[in-house]
Amino acid sequence: MDWIDTTEQEAFREDVRDLIGQMPARYQEMAKHDWPGSYTQWARDRISDDPDAREDAASWLAAFADRGWVAPHWPQEYGGGGLSPMEQFILNQEIADSNAPGAGSNVGIGMLGPALIVHGTEEQKRRFLPPILQGDVVWAQGFSEPGAGSDLASLQTRAVRDGDEYVINGQKIWTTHGHYADWVLLLTRTDPEAPKHRGISFLLVDKYSPGVTVRPIIDMGWGHEVNETFFEDVRIPADHIVGEENRGWYVAMTLLDNERSNIAGAVRMERTIRQLLEYVGSEEGGRKSRIGDLDSLRQRIAQHFVEAGVMFNFSLRIITIQAHGQVPNYEASVSKLFGSEVSRELDNDGVKAFGLYSNLWDPLESHTPFEARFTRGWVRGVPGTIAGGSSEVQRNVIATRGLGLPRG
């Protein structure tokens with residue numbers, strides 16, 4: 001690994017910082033504070049009742065589009081940026097460091113686009129790719145089900161061919177962006193008799209089709225980011241299948257080959273710790289914090305700062321593997337497991353740092369310390385150890401693929 005930018009990488013980093021300088025004033029103000037919903041901010045603003053919010057979403061997307069960075073990893077022939085893995089790393093690092101929101105449909109750019117580019121028909125590419133780049137369509141992911149999360153291949157949502165249509169029945173859960181989305185990319189079972197990985201198809205569903213119902217899931221911190229989605233006799237055209245029927249599992253696996261370094265997590269953790277130290281050094285923070293009185297807590301915060309550096313190097317290792325034309329395997333699991341677990345530990349120690357003040361939830365309440373970041377983070381961080389492959393699954397991958405241990 002090389003920790004120093006090349007001349008070309010340094011120039012690219014300056015281009016990214018120039019982009020960040022164009023961030024709308026409202027986003028710049030938001031970036032000064034904790035906003036855990038930043039990855040959905042653009043999607044929310046895009047359909048906001050506030051015309052200023054819609055204008056912010058449009059201008060921020062346009063700033064990315066002018067550089068071809070709405071979909072940085074897509075090939076240029078499909079409207080993407082064609083950026084190298086290291087350029088993607090730098091782009092994501094600088095965006096995270098500035099606490100800026102993303103621009104465009106996360107699921108559409110990161111999941112559907114790569115799947116269509118590899119497996120889609122030319123008609124599908126012409127129809128579905130441009131609206132993603134233009135910000136006209138937001139996509140949601142319909143993979144997990146109440147009985148099929150980590151063991152996704154056990155999914156039971158059914159799609160039955162009926163002439164020129166598929167008829168879909170079933171339920172999906174944890175549908176991020178479901179309440180902002182226009183379309184859903186869906187894994188369904190089309191052959192119940194086939195081995196579970198081989199009877200699955202990848203379908204594209206208009207969320208406003210008759211029979212689709214999206215219901216909110218309110219998390220433990222009273223936030224609304226995910227949903228449950230029901231499909232009741234939903235009919236879609238048969239040409240909305242991506243790839244071959246019963247081969248959808250392999251289409252979905254294409255998504256895993258994209259940039260997976262999680263550099264944003266490392267950057268956010270280090271930034272949070274720096275801001276915490278600045279806060280407790282102030283008169284207000286010093287009065288509300290117990291860090292100055294507890295040496296063990298100071299040691300823990302110092303350890304977390306070191307862990308943020310370890311996370312960064314895990315991320316850099318993964319992107320270096322990709323830059324050499326290889327696909328990370330257990331290395332990605334190591335990074336994901338480490339990152340989600342140490343983030344939980346930081347939130348836990350952050351809650352301890354403010355004692356009884358951590359019972360305050362409202363970030364705008366005058367007595368609330370540090371915008372209630374750790375209180376909210378501790379509660380909302382639980383899904384982080386589950387989403388994208390639970391910690392248990394990651395440990396199994398590390399054991400079998402990384403350490404060569406036999407399956408139990």
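How large a share of the accessible area of segment 105-209, in percent, is made up of carbon and sulfur atoms when the probe is 1.4 Å and the other protein chains stay in place? Mind dumping the intermediate values first?
Details: 1990 of 4070 Å².
Answer for segment 105-209: carbon and sulfur cover 49 percent of the accessible area.
Pop out the carbon and sulfur fraction of the accessible area of segment 213-321 as a percent, whole number, probe 1.4 Å.
That fraction is 52 percent.
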*asked:* Can you give me the long-range amide H partners of E145? Hydrogens built in the peptide plane at 1.01 Å from N, cutoff under 5 Å, separation of 5 or more residues or another chain.
replied: I173
*Hey, what's the Kirkwood Rh for the chain if you take every pair of different alpha carbons, in angstrom?*
22.7
*Can you check what the net charge comes to around T188, using other residues whose Cβ is under 12 Å from the Cβ of T188 (Lys, Arg +1; Asp, Glu -1)?*
+1
_Of all beta bridges DSSP finds with both residues in segment 158-273, what is the antiparallel percent, to the nearest 5?_
95
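Which value, in Å², gives the accessible area per residue of the chain when a 1.4 Å probe is used on the protein heavy atoms?
With the other protein chains kept in place, the chain gives 48 Å² per residue.
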*Write out the trypsin sites (Lys or Arg not before Pro) in segment 330-408 meeting two conditions: DSSP loop, and at most 16 other Cβ atoms within 10 Å of their Cβ.*
R407
_For the ranges 75-83, 184-192, what's the packing order if you count other beta-carbon atoms within 10 Å of each residue, average per peptide, and put the highest first?_
184-192, 75-83
*If a/c stays under 1.5 just call it rounded; otherwise compare a/b with b/c (prolate if a/b is bigger, oblate if not). Do that for segment 91-151, with a ≥ b ≥ c from the square roots of the Cα gyration tensor eigenvalues.*
oblate
_Equivalent ellipsoid semi-axes - Cα gyration tensor, segment 202-334, angstrom_ = 43, 25, 10
*If you add up the charges near R344, with Lys and Arg at +1 and Asp and Glu at -1, over every other residue whose beta carbon is less than 14 angstrom from its beta carbon, what do you get?*
+2
*Hz values of 3J(HN,Hα) by residue in segment 291-297 - Karplus curve (6.51, -1.76, 1.60), Gly and Pro given as x*: 4, x, 9, 10, 5, 4, 6
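Could you please report the charge total around I20, scoring K, R as +1 and D, E as -1 over all other residues with beta-carbon less than 11 angstrom from its beta-carbon? Let's see the in-between values first.
Working: positive: R13, R17; negative: E14, D15, D18, E94, D97.
Residues near I20 contribute -3 overall.
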*What's the extension gain from V118 to Q299 if we count 0.36 nm per residue and subtract their Cα-Cα distance?*
60.3 nm
*asked:* Let's see if you can work this out: charge +1 on each Lys and Arg Cβ, -1 on each Asp and Glu Cβ, no other charges. What is the dipole magnitude of the chain about its Cα centre, in debye to the nearest 20?
replied: 1120
*Report in % the part of the accessible area of segment 1-87 that belongs to carbon and sulfur, leaving out ligands and nucleic acids; probe 1.4 Å.*
49
*Would you be so kind as to identify which of A96, L116, Q76 lies farthest towards the positive end of the dipole of segment 22-173, taking Lys and Arg as +1 and Asp and Glu as -1 on Cβ and the Cα centre as origin?*
L116
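The values are calculated or read from the model by the stated rules, or taken from the named source; none is laboratory data. Computed from a prediction, not measured in an experiment: that's the story for all the values here. With ideal geometry, Cβ positions are generated from the backbone for all residues, glycine too; neighbour counts draw on all protein chains shown. Ligands, DNA and RNA are stripped out before the accessible areas are found, and what is left, the full protein with its side chains, is counted by its heavy atoms. Shrake-Rupley method; radii C 1.70, N 1.55, O 1.52, S 1.80 Å.
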